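Okay, structure first, notes after.
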Amino acid sequence: MKTWKKIGLGLLFIIIIFGIWFYPKYKMLDHTMHLFDADKIVNNFRSFDSVWPVSVMKTSTNKYIYPKNTPITLPNSFEFNGNSYESLKFLKDSWTTGFLVIQNDSIVFEEYYLGNSESTRNISWSMAKSFISALMGIAVEEGYIENINQNVEDYLPELIGSAYEGVRIKDVLQMSTGVKFNEDYGDFNSDINRWGRGFAMGASQDKFAASLEREVEPGTVNHYVSINTHVLGMIITKATGRTITAYMQEKLFTPLGMEYDGYWLLDGKNMEMVLGGLNLTLRDYAKIGTLFLKNGNINGKQIVSESWVKSSVTPDGPHVQPGKEFGYGYQWWIPKGDEGEFMAIGVYNQCVYINPTTNTLVVKLSANPKFNDKSFVPSSHYSELELYRAITKELN
């Protein structure tokens, strides 16, 4: 009996240890598998830190507070593809959780929905990529990275033999790496969803990047691959010798005067999910827009070089020009038009829209469970753009 008791206690100990190790991973995987369920998506998008390992950036002691000006009323409606859409209904139908309009550096419209508030930190999804672009520009300016015409393997020899060997950093910035990748969130077996399930189980994003294959010649085709941004994060980390969190805290988060703490999601190797795992408040997302609207200068301090800002939002090759689709800069989307507009865009209808001609900034946070329904107009970033343009037109 004593022997059986020892065996039983041993098995119980193993089960307990396994449970302690596995349960957090199960919780993250379950969270991922039900992330976009209509009855969970809103809360999921604002509560990642209750499920995931995160690294925190602390709010600045010298906060930048946007002044408020006379509130505006949004236009009753706007036109898209020959049809009229009611503005407020459009915001509701796309499950907007926060909407902010800044004109001439002052807040003129700010509303929160579905339980969010000014202190709610919401996931950025791919809006995070524009922050990483700014960090890359700073690393170049500081000399950590010699120039963006260098190849990826100059900083990451571990990617020799992968699709990223022989690819310029500039091609990574412009989503023109030639990497074979399926970014369809609606396809369970897509590469991005395969990556997501691995991330939920603590898999290394570095290893995932190293596993990708080449499809076309780098620098010839603009093809959106979220893992490209992870490679940028790897380069910044290797070149500076610092984590993304620490570098961003010093170079962006504090100088921009963020009002609330922010955080990054981490993988199993404690690497930030730079392709979309940033969590900030509505107003703090606006500050990357203000920074680029002001050519990298905030309160008289040049945080990002003016030349980097200009290059970031200026498509400079035939494969990244706006046409029927958005053009692309250095991790920024460029609409077709003559007012110099540019956008940080995240899936499920996250957006920072900047119009330098009219000095207008719009930020939209959402949790749209219908995002992958291409026939649903409020899911379209092109329809969102027309709403922003209608707002801008009424302001000027």
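The values are calculated or read from the model by the stated rules, or taken from the named source; none is laboratory data. The model shown is predicted, which means the values in this text are computed figures rather than measured ones. Cβ atoms come from the backbone with ideal geometry, glycine included; neighbour counts cover every protein chain shown.
For region 57-74, name all the residues that are under 27 Å from Gly300 (Cα atoms) and not hydroxyl-bearing (Ser, Thr, Tyr).
Matches in region 57-74: Met57, Lys58, Asn62, Lys63, Ile65, Pro67, Lys68, Asn69.
Need the failing condition index for Asn43 against (1) in a strand (DSSP E or B); (2) closer than 28 Å to Gly268 by Cα; (3) more than 17 Å from the chain's Cα centre (by Cα), just the number.
Just one mismatch for Asn43, condition (1).
Residues that are modelled with pLDDT under 65, assigned to a helix (DSSP H, G or I) and in contact with a helix residue (DSSP H, G or I) (Cβ under 7 Å, 6 or more places away or on another chain): does region 5-26 have at least one? Lay out the reasoning, then the answer.
Looking only at region 5-26, we keep the residues that are modelled with pLDDT under 65, and these are 5-26.
Keeping just the survivors that are assigned to a helix (DSSP H, G or I) gives 5-26.
Pick out the ones that are also in contact with a helix residue (DSSP H, G or I) (Cβ under 7 Å, 6 or more places away or on another chain) and you get none.
No, region 5-26 has no match at all.
What is the one condition in (1) free of Cβ contacts under 8 Å to residues at least 40 places away in the same chain; (2) out of contact with any strand residue (DSSP E or B) (no Cβ under 8 Å at 6 or more places or on another chain) that Asp267 does not satisfy?
So Asp267 meets the others, but not (1).
Listed here are the residues, each with its yes/no results for (1) touching a Phe, Trp or Tyr at 6+ places or on another chain (Cβ under 8 Å); (2) modelled with pLDDT of 95 or more; (3) of a type in the set (Val, Ile, Thr).
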{"position": "Leu275", "(1), (2), (3)": "no, yes, no"}
{"position": "Leu291", "(1), (2), (3)": "no, yes, no"}
{"position": "Asn297", "(1), (2), (3)": "no, yes, no"}
{"position": "Lys301", "(1), (2), (3)": "no, no, no"}
{"position": "Val309", "(1), (2), (3)": "yes, yes, yes"}
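Does Leu266 satisfy being over 22 Å from Pro157 (Cα atoms), out of contact with any helix residue (DSSP H, G or I) (no Cβ under 8 Å at 6 or more places or on another chain), surrounded by fewer than 23 Cβ atoms within 10 Å (Cβ to Cβ) and among the aliphatic types (A, V, I, L, M)?
Yes; evaluated as a whole, the condition is true for this residue.
Within region 312-333, can you find the residues that are over 18 Å from Tyr285 (Cα atoms), within 20 Å of the chain's Cα centre (by Cα) and not in a loop (DSSP other than H, G, I, E, B)?
Val320, Gly327, Tyr328
If you scan region 137-170, which residues turn out to be under 12 Å from Gly233 (Cα atoms), part of a loop (DSSP other than H, G, I, E, B) and hydrophobic (A, V, I, L, M, F, W, C)?
Correct list: Leu156 only.
Sort out for me the helices (runs of 4 or more DSSP H) sitting completely within region 171-277 that have 2 or more residues that are aromatic (Phe, Trp, Tyr).
Here the list reads 191-200.
Identify all residues within region 109-139 that are among the hydrophobic types (A, V, I, L, M, F, W, C) and surrounded by fewer than 19 Cβ atoms within 10 Å (Cβ to Cβ); write none if there are none.
Just the residues of region 109-139 that are among the hydrophobic types (A, V, I, L, M, F, W, C), to begin with: 109, 114, 123, 125, 127-128, 131-132, 134-136, 138-139.
Passing the criteria: Phe109, Leu114.
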